[in-house]
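Trainee: The structure that follows is given in the form of structure tokens.
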Amino acid sequence: MKSNEQNVVEQNLLGMSQQDLEQFFSVIDEKSFRATQLMKWMHQQGVADYEQMTNLSKSLRDWLHKNATIQLPEMLNEEISTDGTRKWLLKVDDKNAVETVFIPENDRATLCVSSQAGCALDCTFCATARQGFAGNLTAAQIISQLWFAEHRLRTQFNKRRVIGNVVFMGMGEPLANFDNVVTAIRIMMDDNAYGLGKRKVTVSTSGIVPKIDKLRDELDVSLAVSLHAPNDEIRNQLVPMNRRYPIAELMQACRRFIEDKNRKHTITFEYVMLDKINDSPQNAKQLAKLIKDVPSKVNLIPFNAFPNSGFERSSDQVIEEFREILQAAGITTITRRPRGEDIAAACGQLAGDITDKVKRQRHFEKLHEREMLDYRVEVATCA
Ligand code: SF4
């Protein structure tokens with residue numbers, strides 16, 4: 001090992017991809033296989049103490065002690081639902097904590113991760129939006145949620161691997177934190193780390209059209225779109241991002257995302273069922289017409305109430321009728337069974353504990369509606 005260490009700034013190695021680590025070690029003329037060794041120790045073995053990394057030389061371990069950290073998340077709270085769902089509150093910095101949800105199924109388990117501390121997009125039915133926005137999570141803070149869940153549960157369940165799927169459906173708009181999300185996904189999919197297959201990672205977006213195109217260019221992952229409405233009139237009220245990128249533009253982006261036949265993509269459209277807002281038979285027919293030429297499936301999500309939301313959940317009967325109309329139109333439609341409702345871990349209920357840096361309520365009251373939207377988009381897209 002040669003010493004160019006004055007060029008190296010102390011960083012959290014947990015959030016570095018294989019390529020980042022190779023570059024990191026090249027500064028001190030270490031061979032690239034060191035990156036593989038370190039990835040395996042951190043992500044496969046769950047080891048954060050350099051002294052346990054026995055295939056690294058003593059001099060390299062000493063150098064790492066001085067120049068890099070492996071900063072692990074601190075769990076502030078754990079809640080376990082009667083259905084086995086677990087919600088963790090994980091501290092990401094001195095002021096903020098985000099929520100991560102583990103959802104066990106019979107044959108697989110899914111982890112729902114957060115990509116931002118809060119969210120700036122202000123979807124009207126979303127508990128996260130009410131908390132304001134404190135900032136983007138780093139790649140390390142995103143991957144640390146998977147690190148934490150995987151290694152905590154491996155010990156508890158005595159399994160080699162626990163998490164089979166990761167969905168970016170926790171706090172935040174993942175495509176508004178593009179670079180960090182992409183780096184974290186590269187680590188998730190790396191065989192030297194978690195080895196998740198490309199269909200096992202799903203990025204969910206409220207519809208930032210240019211970033212959907214960019215995601216298609218960068219990664220082969222699954223895409224979910226938080227649609228929630230069959231027309232612009234309703235969607236403008238539920239998802240303010242729609243005023244920037246209306247439904248017609250969003251559908252074009254969805255078609256572009258799946259046009260590469262080799263990828264065999266389908267889009268998942270998420271549709272929260274809100275009583276007398278978006279749940280009429282006419283809405284169902286309009287939705288069927290809208291998406292009929294996009295290879296896709298629809299997840300109907302019974303609304304998960306939170307205090308002062310101003311919305312009610314559609315009745316089971318209305319949801320079933322809505323589903324039948326879509327099915328009859330040839331669209332695979334699933335009604336998602338609410339998970340973790342008793343611990344507020346269900347879709348749209350995550351709130352975390354964050355300090356609202358944009359002080360949204362005070363600012364937004366002063367702004368004209370159009371200015372307000374531009375402001376939100378600007379805040380949300382600054383990576
Ligand atoms: S639904 Fe998603 S994008 Fe919309 S405010 Fe909530 S977290 Fe943000």
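Trainee: When residues of segment 321-341 are filtered for being free of Cβ contacts under 8 Å to residues at least 60 places away in the same chain and assigned to a loop (DSSP other than H, G, I, E, B), how many remain? Quick ask: steps written out before the conclusion?
Mentor: Quick first cut of segment 321-341, residues free of Cβ contacts under 8 Å to residues at least 60 places away in the same chain only: 321-338.
Restricting the remaining residues to those that are assigned to a loop (DSSP other than H, G, I, E, B) gives 329-331, 336-338.
The number of residues fulfilling the criteria is 6.
Trainee: Is it true that some residue in segment 162-177 is under 24 Å from F311 (Cβ atoms), within 10 Å of the ligand (Cβ to nearest atom) and among the acidic types (D, E)?
Mentor: yes
Trainee: Additional query: Among the residues of segment 271-294, which ones are loosely packed, with under 15 Cβ neighbours inside 10 Å and either within 29 Å of Q131 (Cβ to Cβ) or modelled with pLDDT under 95 (or both)? Please lay out each step first, then the result.
Mentor: Looking only at segment 271-294, we keep the residues that are loosely packed, with under 15 Cβ neighbours inside 10 Å, and these are 275-276, 281-282, 289, 292-293.
Correct list: D275, K276, K292, D293.
Trainee: Are there any pairs with C-beta distances below 7 angstrom linking a residue in segment 127-152 that is in contact (Cβ under 8 Å) with a residue 24 or more places away in the chain to a residue that is acidic (D, E) and within 16 Å of the ligand (Cβ to nearest atom), with the two at least 6 apart or on different chains, and if so which?
Mentor: Short answer, once both residue conditions are applied: Q131/D356; G132/D356; F133/D356; A134/D356.
Trainee: Here are some residues: A109, A129. Which one is modelled with pLDDT under 95, assigned by TED's automatic domain parsing to the domain that holds D353 and closer than 15 Å to G352 by Cβ? Reasoning before the result, please.
Mentor: Details: A109 fails: closer than 15 Å to G352 by Cβ.
Going through A109, A129 in turn, the sole match is A129.
Trainee: Shifting gears a bit: Inside segment 231-304, counting only helices (runs of 4 or more DSSP H) that do not spill past its ends, which hold 2 or more residues that are over 17 Å from T124 (Cα atoms)?
Mentor: On the way: elements: 232-238, 241-244, 247-258, 281-291.
Hits in segment 231-304: 247-258, 281-291.
Condition check ((1) within 16 Å of the ligand (Cβ to nearest atom); (2) modelled with pLDDT under 70; (3) touching a helix residue (DSSP H, G or I) at 6+ places or on another chain (Cβ under 8 Å); (4) more than 30 Å from Q282 (Cα to Cα)) across all residues:
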{"residue": "S315", "(1), (2), (3), (4)": "no, no, no, no"}
{"residue": "L326", "(1), (2), (3), (4)": "no, no, yes, no"}
{"residue": "I331", "(1), (2), (3), (4)": "no, no, yes, no"}
{"residue": "G340", "(1), (2), (3), (4)": "no, no, no, yes"}
{"residue": "L350", "(1), (2), (3), (4)": "yes, no, yes, yes"}
{"residue": "E369", "(1), (2), (3), (4)": "no, yes, no, no"}
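Trainee: I'm trying to understand the selection: among the residues of segment 305-320, which are surrounded by 16 or more Cβ atoms within 10 Å (Cβ to Cβ) and free of Cβ contacts under 8 Å to residues at least 60 places away in the same chain?
Mentor: Going residue by residue through segment 305-320, those that are surrounded by 16 or more Cβ atoms within 10 Å (Cβ to Cβ) are 305-306, 309, 311, 313-314, 318-319.
A305, R313, S314, V318, I319 - these are the residues of segment 305-320 that are surrounded by 16 or more Cβ atoms within 10 Å (Cβ to Cβ) and free of Cβ contacts under 8 Å to residues at least 60 places away in the same chain.
Trainee: Does I234 satisfy being away from the ligand (no atom under 11 Å from the Cβ), crowded, with 21+ Cβ neighbours inside 10 Å and assigned by TED's automatic domain parsing to the domain that holds K95? Break it down stepwise before answering.
Mentor: Numbers: away from the ligand (no atom under 11 Å from the Cβ): yes; crowded, with 21+ Cβ neighbours inside 10 Å: no; assigned by TED's automatic domain parsing to the domain that holds K95: yes.
Judged against the criteria, I234 is not a match.
The values are calculated or read from the model by the stated rules, or taken from the named source; none is laboratory data. Keep in mind that what you see is a predicted model, and the values were worked out from it rather than measured. Don't worry about glycine lacking a Cβ; one is built from the backbone with ideal geometry, like all the others, and counts go over all protein chains shown.
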